[in-house]
Amino acid sequence: MAKRLIPSLNRVLVEKLVQAKKSPAGILLPETTKQLNSAKVIAVGPGERDRDGKLIPVSLKEGETVLLPEYGGTEVKLAEKEYLIFRENDILGKLEE
């Protein structure tokens, strides 16, 4: 079993962030509002090469929070956890606090 997955080329491995909704009294509420598709970057590939063979590195770093498209990505299950792999171009942007 692999201990760590390193994406190839310009791909990014992310783990979706699930935000539990609670009422002021502490009761868990079902998902009634649309949430942001946010995820934490777990690993990034080295990047891809241009026509001259120069490496163009991925602009994202491990630990950053990103905004994902509604659909897409490749589901991967490692060590009982579910992850998604996206191309860097498919990620909509970084979320900063």
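The values are calculated or read from the model by the stated rules, or taken from the named source; none is laboratory data. Keep in mind that what you see is a predicted model, and the values were worked out from it rather than measured. Cβ: placed from backbone, ideal geometry, glycine included. Neighbour counts: every protein chain shown. Note: accessible area is taken over every heavy atom of the protein model, side chains too, but ligands, DNA and RNA are not part of it. Shrake-Rupley method; radii C 1.70, N 1.55, O 1.52, S 1.80 Å.
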Which of (1) open to solvent by less than 100 Å² (accessible area, probe 1.4 Å); (2) at pLDDT below 90; (3) within 18 Å of ASP90 (Cβ to Cβ) is the odd one out, the single condition GLY26 does not satisfy?
-> (3)
Reported set for region 39-66 where residues are under 12 Å from VAL12 (Cβ atoms), of a type in the set (A, V, I, L, M, F, W, C) and assigned to a strand (DSSP E or B) is ALA39, VAL41, ILE42, ALA43, VAL44, VAL66
Filtered residue count, region 65-80, keeping only those that are in contact with a strand residue (DSSP E or B) (Cβ under 7 Å, 6 or more places away or on another chain) and closer than 18 Å to ARG4 by Cα = 3
Residue that is surrounded by the most Cβ atoms within 10 Å (Cβ to Cβ) [pool: residues in region 70-97 that are modelled with pLDDT of 90 or more and outside any strand (DSSP E or B)] | ILE91
